[in-house]
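Read through the structure below, which is laid out as structure tokens, and then see the notes.
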Amino acid sequence: MEVILRQDVIDLGYEGDIVKVADGYARNYLIPKALAVKATPQNLRVVEQIRRKIEIRRLRAKEEAEQLKTKLEALEFVFLEKAGEDGKLYGSVTNMAIALILAEKGIVIDRKKIVIDEAVKTLGEHKAHVKLYPGVMAAIKLTVKPLEEKHK
């Protein structure tokens, strides 16, 4: 079945794109969630009329993503974690922890868009990437320091 996407759908296409998908996927997921509409002649005419607005919206979103990338890359994120004497963490720094520290700084990003190259299980400096927009990815610096516990 051919459908017209009403929103960007990861691994499928962008708003306004006409894509061919399985009938069940369209009927049970895309159309009920208002992510797509059937590609009827009438809907195709409507999409052609609003295609320019869609392009302007995409350009704005990409510009905003570029600005956020610059902001994120300027920041350094410090995590205080319990660690053994050899510098290994008792746990690890996850994408959820990174999303929480971003939220504390007023930047709300879905944890699924945060990609950690390799598991952060040691003290020191590490890198992670944040997918902000297709083709725009920010590299952020993570510094993991030992949590100083006070002994009584």
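Using Cβ counts within 10 Å as a stand-in for footprinting exposure, how do 85, 48 rank, fewest first?
Ordered by Cβ neighbours within 10 Å, fewest first: 85, 48.
From the cross-link list 62/113; 33/105; 53/127; 62/105; 62/141; 71/127, which pairs have alpha carbons spaced over 27 Å apart?
Over 27 Å apart, Cα to Cα: 33/105; 53/127.
Along the Cα→Cβ direction, 7 angstrom out, place labels at residue 117 and residue 14. What is the inter-label distance in nm?
Here the answer is 2.8 nm between the modelled labels.
Kindly provide the helix-only [θ] at 222 nm of the chain, computed as the sum of -39,500 (n - 2.57) over DSSP H runs of four or more divided by all residues, to the nearest 500 deg cm²/dmol?
So the calculated ellipticity at 222 nm is -10000 deg cm²/dmol.
Kirkwood Rh over alpha-carbon pairs of the chain, then Stokes-Einstein at 10 °C and 1.306 mPa s: what D in µm² s⁻¹, rounded to an integer?
86
By how many nm would the segment from residue 129 to residue 29 grow when fully extended, if each residue of separation counts as 0.36 nm and the alpha-carbon distance is taken off?
Difference between extended and current length: 33.1 nm.
Calculate one ³J(HN,Hα) per residue across the stretch 91-105 by plugging θ = phi - 60° into the Karplus curve 6.51 cos²θ - 1.76 cosθ + 1.60, and present them in order as whole Hz with x for glycine and proline.
Result, ordered by residue: x, 7, 8, 9, 5, 5, 5, 5, 4, 5, 5, 5, 5, 4, 8 Hz.
None of the figures in this text is laboratory data; all of them are computed from the coordinates on show. These figures come from a predicted structure and were not determined experimentally. Counting neighbours? That spans all protein chains shown, and the Cβs are built from the backbone with ideal geometry, glycine included.
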